[in-house]
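As structure tokens, the structure follows; a few thoughts come after it.
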Amino acid sequence: MTQDEILRMFREQAEEVQAALPTLNAIMMELADLLASSRGRLSKENFGVLVRLGGVLYKNGLSQFQARSDVAAIMKHSVENRQRTK
């Protein structure tokens, strides 16, 4: 298969899951299960690539979580400041 064929499959899959998009955490758990069950069957290089992809997903999820936490903290601080000035 070519990269273009694989990218087409990714696009098709993305269109199918838009209605019921799984969480990033659920996708990471699926990848972790896949890696755990295929450890001896994948080449060291392929296993490493999938672990790297998992690392990117993890970092992205962590960044999103941190951003949401930062917004929540800012909003909480804003509400507390408003209540003090009343």
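The values are calculated or read from the model by the stated rules, or taken from the named source; none is laboratory data. Small disclaimer: the values here were computed from a predicted structure and weren't measured. Please note: Cβ atoms are built from the backbone with ideal geometry, for glycine as well, and neighbour counts cover all protein chains shown.
For the residues A36, A67, A73, the requirement of being among the hydrophobic types (A, V, I, L, M, F, W, C), exposed (fewer than 10 other Cβ atoms within 10 Å of the Cβ) and in a helix (DSSP H, G or I) singles out A36.
Only a single item in (1) among the aliphatic types (A, V, I, L, M); (2) touching a residue at least 40 places away in the same chain (Cβ under 8 Å); (3) surrounded by fewer than 10 Cβ atoms within 10 Å (Cβ to Cβ) is not met by L24, and it is number (3).
Checked against (1) of a type outside the set (K, R); (2) part of a loop (DSSP other than H, G, I, E, B); (3) at pLDDT 85 or above, G54 meets all criteria but (2).
Kindly indicate whether E30 is exposed (fewer than 10 other Cβ atoms within 10 Å of the Cβ) and assigned to a helix (DSSP H, G or I). Can you show your working first?
Numbers: exposed (fewer than 10 other Cβ atoms within 10 Å of the Cβ): no; assigned to a helix (DSSP H, G or I): yes.
No; evaluated as a whole, the condition is false for this residue.
L42 satisfies every condition listed in (1) aliphatic (A, V, I, L, M); (2) surrounded by 10 or more Cβ atoms within 10 Å (Cβ to Cβ); (3) part of a helix (DSSP H, G or I) except (3).
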